[in-house]
Every structure is written in C-alpha cells, then in structure tokens.
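*Asks:* Dumping the structure here so I can ask a few things about it.
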Amino acid sequence: MIIISHKSHNIYRKNISQNALKVLHRLNKLGYEAYLVGGSVRDLLLGKHPKDYDITTNATPEQLRKLFRNCRLIGRRFRLTHIIFGHEIIEVATFRGHHIFNKAQKKTDKNTSQYSKNGMLLRDNIFGTIEDDAHRRDITINSLYYSITDCTIRDYVGGLQDLKQGVIRLIGEPEMRYREDPVRMLRVVRFAAKLNMHIAPETAQPIPYLAILLNNIPPARLFEEFLKLFHNGYGYRTYLMLRKYKLFQLLFPTLTHYFTNENGTPIDKMVIHVLKQADEHNNNDIILNTACLFAAMFWYPQIELTEQIIKKQNILYYDAFLMAINNTLSEASKKIAIPKKIITFIKDIWNLQLRIACIHGKYAWKLMKHPKFHAAYNLLYSRAIIENNSQLLYLAKWWQNFQIATIHQQKIMLKDISSDSTIIRSENIYCLSNNYNNSILI
Ligand code: ATP
Ligand code: MG
C-alpha cells in the first residue's frame, strides 16, 4: 500500500462537495473510518469537477441508517446508502470484503454473496476492510481513497501510477472479474473513452470473446449503462471503442445486422451522425436526448420493417408504418429496457416524420406548436443529410425557413407551396403541395 501525503497531491478540501465533507466528518467524529473513493478522487486528481461523490466506510448500512435521518438504503445486489441533501445524493457504501464461494450457503441470506452458475455475482454484501474493498473495485484508477482526517491518499492497487500513465486496468484476474460482472467490460470502455486513456492489454484481451456475457445482464441495468455511455459528451468515441471490442453488437443487434465494414449504409451513417450531434449539443434533458438518440438510431430499421410489412400484407404505407413501430421498439427493448415515457416520445418523433413531410396550408402552424416538433424536425434534417436526398433537403430547408420567418413571410411561403409541385412522392411520404390529399393529415 502507498500513502501519499497532502503535500504530494492536488486534492484540496475546498474543491470537495460540502455535503460529502459533512458525511465524512460525522462518520470520523463517531469513530468510524470513512474515505472519499471512486470517480470523485479520480476526477479531482485529474483536475476535473466530479460528477458525484462516493464514500466508503466501516459503518454498516444499519449503523448508517441510525446516524443519518436523511438517508435511504438501496440495492439488493450491492446494498448502498444514499444520504440525501436536496438535489445532491452522497452514496455511501460499507467496505466490501472477499467472499468465499460456499455451495452450502443459504440463498436467502441477505448478508452473503451469491453467484450464478456461470460465475456472475448476483449479490455482494460481505463486508471487510479498506484493503479488501480496494481489491473488489473495478479498475485501479477508481480505487483510490482520500481521507479528510490527514488529507492523505491511499493506493492499494497501483491506481496512481495508472492515472499518471493514462492506463485503464482491471483489478485482479480479468476474465474472472468480467464473469463476476460483465458490465465491467462496458465500464472499462467507457472510462477509456471518457478519459482518453488506453486499456491495458491484459484488460482488453478477453473482452471480445466475453462480450456475449452481456446477454445475462437485465435490460433495465443496461439502460442505465446506455445513459452513461452515450450522454456525456464523448458518445462517438465510446461507440468506436464498443465496436472495436464487439460490445456494440451485443447492445444493438438490430442495428449491427445492417452495418457494413465501410460504414456505408444509412444506418451506419445515422448512428455516427447522431452520436456526434449528441456530443456537441449535450444538454440536461435526459428524456429528450435519449428519445432523439433512439429515434434516429432505429429510424432505418423502422423503415425497413415498414417496407417488409407492405410487401407481405399489401397494406397502406401509413398502416404498415404504425404496425412496424411497435415491433421495432419491442425488439430494441429486448436488450436495453427503454422506459415507457421515452417510448412514447420516440413514437411521436416517428409519427411526426410523416406529418412534417406534408406541408398542408394552415396545418403547418399547428404542427410547429407540437411539443415534439423540434425533435422531429431534427430527425428530418439528419435523414436529408444522410441520404443526400435533394427532396428531403428541400423539405428540411423549407421548415428551417418557415420557423424563422415572420407571420407575413410564412403566409407567403404557404401560398407559394400550393402552386409548388417540386416534391410529391406518395409512398415514402414526401410532399410539398397543398393539393396533396393524404388521410394521415386528418
Ligand atoms: P462516474 O464519474 O461515472 O460517476 P465512478 O467511478 O464514480 O464514475 P460509479 O458508477 O459512480 O462510477 O461507481 C463508483 C465506484 O464504485 C467506482 O469508482 C468503482 O470503484 C466502484 N464500482 C462501480 N461499479 C462497479 C463494478 N461493476 N464493479 C466493481 N466496482 C464498481
Ligand atoms: Mg460516481
């Protein structure tokens, strides 16, 4: 173990959340060990602002519950304590210990660890010392402990050197650690992309052939990971690494089915386009961002399915499109559980693709007031760019101008389109004529 004195590192109390300091002080004052750990120590050492603060202690969840009135116990697999200060949540975990796999263990005992047949850790609630805890964490740079009593940093696994050299290294024997929790493969890639670091060869090597283990992870947990992977301003870089390590196909089998080596299909291009766009316009509205991302990524599979349904059932484009929506989204949700609220949002964006493509007199104003109009317009624009389709581009530009025009100009634009027959294409529903009579507008 290495102890780094306060003179030899750059973490200062003034940069740490006041609420995290309160929790640490309180625990120390009552005689418990307590340290800042994980992402916050890593990010402070890198001179970045931590996203959140994790604390680890030798106080048990029950003891924590008695000490902090503003706390709630969460998790089954890993029991954790959330201490709530308004909008800020400080996550406190009791030191994890090593677990001995014992077949005679009672499955119902909450305080033991439990494995599945294929080595996956179903529950990890054995408590131990700080040193045990350090070896139970995922990667070395996430296993540094900062103490506010003497302002030192403790490093049990070589995290400081890896941080200096920009190395993502799994703690322990990689294959076993991935089998225990396959999500660690996603975490390794995420931190490498986020911090622009490289993955140690022994950490990287097993990933492509163990990627399949992600199939054992509940889709709800993968949705949580999806948010962390793609909503942090480095989604495109993460995507490239996920593809390199054969993880992307496990998360999005429907999309990769259409991928080519040359990234030449509209699906390839759309995924790249929309991830780059999300990185640039990363805003705080998670529901909006996620719905836009899914709506764009799954747009072409949705169109493909619509066309297949038409061929099979010989029904109207609009009816086939609606039928396809449910199938496309339930297929996507098999791997990543998309919450209902986001599903509704995606459906709105897709339905609006048909409506936005038909500019129909006064209806244009009504459409523009639709709460999802902007998201739908963005997808229309992306499609136009990706397909390099002059008709779609014409439509997208028309809407772009219409949105910024004065009422007077808008009236002229609408008058003009009644005589404009530049675009009429009934099956894929592009039209720009007031005379276009399409039941979907009613
Ligand atoms: P972020 O900046 O994304 O919050 P983080 O490192 O704080 O990064 P968290 O998901 O908040 O990540 O987890 C906190 C800490 O818990 C990690 O730093 C790591 O030490 C430990 N941890 C999280 N997930 C795992 C896992 N699957 N296996 C082992 N340790 C984990
Ligand atoms: Mg964290």
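*Asks:* Anything in segment 268-307 that is of a type outside the set (A, V, I, L, M), under 20 Å from Asn232 (Cβ atoms) and open to solvent by 10 Å² or more (accessible area, probe 1.4 Å)? List them, or say none.
*Replies:* If the condition is that a residue be of a type outside the set (A, V, I, L, M), under 20 Å from Asn232 (Cβ atoms) and open to solvent by 10 Å² or more (accessible area, probe 1.4 Å), then His273, Lys276, Gln277, Asp279, Glu280, His281, Asn282, Asn283, Asn284, Asp285, Asn289, Cys292 are the ones that fit.
*Asks:* Separate question: Which one is most open to solvent (accessible area, probe 1.4 Å) among residues in segment 11-47 that are charged (D, E, K, R) and away from ligand 2 (no atom under 12 Å from the Cβ)?
*Replies:* The extreme case among them is Lys29.
*Asks:* Can you report the number of residues in segment 195-228 which are in a helix (DSSP H, G or I) and either modelled with pLDDT under 95 or farther than 30 Å from Lys164 by Cβ (or both)?
*Replies:* The qualifying residues number 15.
*Asks:* Also, quick follow-up: I need the helices (runs of 4 or more DSSP H) fully contained in segment 300-417, keeping only those with at least 3 residues that are without any contact (Cβ under 8 Å) to a residue 24 or more places away in the chain and under 26 Å from the mean Cα position of the chain (by Cα).
*Replies:* Here the list reads 317-333, 340-356, 373-387.
*Asks:* Continuing with this model, one more query. Among the residues of segment 390-397, is any farther than 12 Å from Leu352 by Cβ, at pLDDT 90 or above and out of contact with any helix residue (DSSP H, G or I) (no Cβ under 6 Å at 6 or more places or on another chain)?
*Replies:* Within segment 390-397, one or more residues are farther than 12 Å from Leu352 by Cβ, at pLDDT 90 or above and out of contact with any helix residue (DSSP H, G or I) (no Cβ under 6 Å at 6 or more places or on another chain).
*Asks:* Among the strands (runs of 3 or more DSSP E) contained in segment 1-83, which hold 3 or more residues that are modelled with pLDDT of 95 or more?
*Replies:* 34-37, 54-57
*Asks:* Out of the residues in segment 74-89 that are open to solvent by 60 Å² or more (accessible area, probe 1.4 Å) and more than 15 Å from ligand 2 (Cβ to nearest atom), state the one that is farthest from the chain's Cα centre (by Cα).
*Replies:* The selected residue is Gly86.
*Asks:* Within segment 48-57, track down each residue that is more than 11 Å from ligand 2 (Cβ to nearest atom) and either open to solvent by less than 60 Å² (accessible area, probe 1.4 Å) or within 14 Å of Cys151 (Cβ to Cβ) (or both).
*Replies:* Of everything in segment 48-57, those that are more than 11 Å from ligand 2 (Cβ to nearest atom) and either open to solvent by less than 60 Å² (accessible area, probe 1.4 Å) or within 14 Å of Cys151 (Cβ to Cβ) (or both) turn out to be Thr56, Thr57.
*Asks:* In segment 141-197, how many residues are within 13 Å of ligand 1 (Cβ to nearest atom) and at positive phi?
*Replies:* 1
*Asks:* Give me the residue from segment 182-215 that is in contact (Cβ under 8 Å) with a residue 60 or more places away in the chain and within 16 Å of ligand 2 (Cβ to nearest atom) and, out of that set, surrounded by the most Cβ atoms within 10 Å (Cβ to Cβ).
*Replies:* Per the stated criteria, the residue is Leu186.
The values are calculated or read from the model by the stated rules, or taken from the named source; none is laboratory data. Note that the structure is predicted; figures quoted are calculated from it, not measured. All Cβ positions, glycine included, derive from the backbone under ideal geometry; neighbour counts span all protein chains shown. Calculation scope for accessible area: heavy atoms of the full protein, side chains included, ligands and nucleic acids excluded. Shrake-Rupley method; radii C 1.70, N 1.55, O 1.52, S 1.80 Å.
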